[in-house]
Amino acid sequence: MTTRHGKIRWRLRRSGKKDVMLPGTPHTAEFDEAYDNAILGRPAPVVQMPGSASPKSLKAAYRLLKKTDEWLVLDDKSSTRYQQTIERILSMPAGGKTVLGDGPVEDLKRSHVKSILSAFRDTPHMERIVLICLRKLIMVAIDEEWIEVDPTYKMTRNPQTDGHKAWPLEIMAKYEARWGVGTRQRTAYALALWLGNRVSDITRLRWDHQTTKHIAADGEIHTVDGFEFVQFKGRKRGKQMFLPMTPMLTRELAPLARDPEKTVLVSSRDKPYTDGSLSTAMADWCREAGIAPGYTMHGLRKALGVKLAESDASTRQLMEMLGHKNIAYAELYSREASQTRLAVQAMEKVTKIEEARRRPKISAVE
């Protein structure tokens, strides 16, 4: 038969049998092998095309994962991180010329998962991300009914970490002494400290987000200025936030020009910062202020959490101010502040009793 493109194709037709298209030209090795396979009923060899995915394989699960609602609502930073990690997992060797991604999900056993994780043992945080990615692929396979048992069931990787360091008062004083009110260095610092915003929210905060609210509290109506916006993290399901302007932040922002079409924080080129460029800039600004590495913008957010907890803010108040959805994060600040305060109070009592015991006793003699 001749196709509409003028190419000749050979079709083997037999009574009661399905037609078979034969490759190549008659009497060539490729044609004769296909002809023999068709006559003898042998299945034709499967040729794996570059970039293709075998049915029910980990690669096939990955392709389906990228079409799920769970994946589509991820912010760019998270989706990129997961994508890079999953593709790294799928390209891991699995014996011979095959890679892990080509293997059927049903062949993935618990021992295999542990072996994969062991390759990342020296980087505990990466090991945790790898487990999260594997679990995402496995959940797709379960949803598609390729498998019934999750080989990662109750498998956890939770590296112990103190996270970002909260800025203590002496470090804040050092930074403030170097960068004056009205500079972009000081503005970035003030937004992180007095709003408790993440870097992604600071770079996107605009002057037209500033608004005034009338709040009923303690039987009175209070007029409060602040910023109202939607948190960028997980922007399709971001939390609507209103953060009040404290007198401290008002003083910090007073010298700035207010253009409703611009962000509050602008670079030296009068443009918004990107998340990465602002984090890098803060590291440079801290170094110029003589501050040791390790104090980040997220550390200022944590410092506000500590201040709130030390002022006896409730867990719910902490959650609403910092935008946490998980109560466990807010309780970390409360526990830290409570531990410090209770320890100090306890030792003050011990000191008072001990000093009274050691005080010389004076007796009057007539």
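The values are calculated or read from the model by the stated rules, or taken from the named source; none is laboratory data. Small disclaimer: the values here were computed from a predicted structure and weren't measured. Counting neighbours? That spans all protein chains shown, and the Cβs are built from the backbone with ideal geometry, glycine included. Note: accessible area is taken over every heavy atom of the protein model, side chains too, but ligands, DNA and RNA are not part of it. Shrake-Rupley method; radii C 1.70, N 1.55, O 1.52, S 1.80 Å.
Heavy-atom accessible surface of Thr25, to the nearest 10 Å², is about 80 Å², with a 1.4 Å probe and all protein chains retained.
Extents of the chain, largest first, come to 132, 61, 47 Å (Cα atoms, principal axes, whole angstrom). In the context of the full set of protein chains, the chain has a per residue accessible area of 65 Å² (1.4 Å probe).
Using every pair of separate Cα atoms, the Kirkwood estimate puts the hydrodynamic radius of segment 1-119 at 18.2 angstrom. Loop-located trypsin sites (Lys or Arg not before Pro) in segment 136-236 (DSSP state not H, G, I, E or B) with no more than 13 neighbouring Cβ atoms inside 10 Å: Lys154. Helix screen, the chain: DSSP H segments with Cα axial length of 30 Å or more and mean Kyte-Doolittle hydropathy at least -1.0 are 327-358. Whole-percent P(r), segment 102-255, all Cα pairs, 5 Å bins from 0: 1, 7, 12, 12, 10, 10, 10, 9, 8, 8, 7, 4, 1, 0.
Positive end of the dipole of the chain (Cβ unit charges, origin at the Cα centre): among Gln84, Ser57, Ser268, the Cα lying farthest that way belongs to Ser57.
By the scheme Lys and Arg +1, Asp and Glu -1, what is the net charge of all other residues having a beta-carbon under 15 Å from that of Glu106? Taking every other residue near Glu106 into account, the sum is -3.
For segment 50-126, the dipole from Cβ point charges (+1 on Lys and Arg, -1 on Asp and Glu) about the Cα centre works out to 200 debye, to the nearest 20.
Note on the chain: with charges restricted to the Cβ of Lys and Arg (+1) and Asp and Glu (-1), its dipole about the Cα centre is near 800 debye. Amide H contacts under 5 Å for Ala94: Val99, Leu100, restricted to partners 5 or more places along the chain or on a different chain, H placed in the peptide plane at 1.01 Å from N.
The orientation-averaged shadow of the Cα convex hull for segment 245-298, equal to a quarter of the hull surface, comes to 5.0 nm².
For the chain, the fraction of 1.4 Å probe accessible surface lying on carbon and sulfur atoms is 54 percent.
For segment 99-158, what is the relative contact order in percent, using Cα pairs closer than 8 Å and at least 6 residues apart in sequence?
Computed value for segment 99-158: 42 percent relative contact order.
For segment 49-159, the extents of the C-alpha atoms along the principal axes are 37, 34, 28 Å, listed from largest to smallest.
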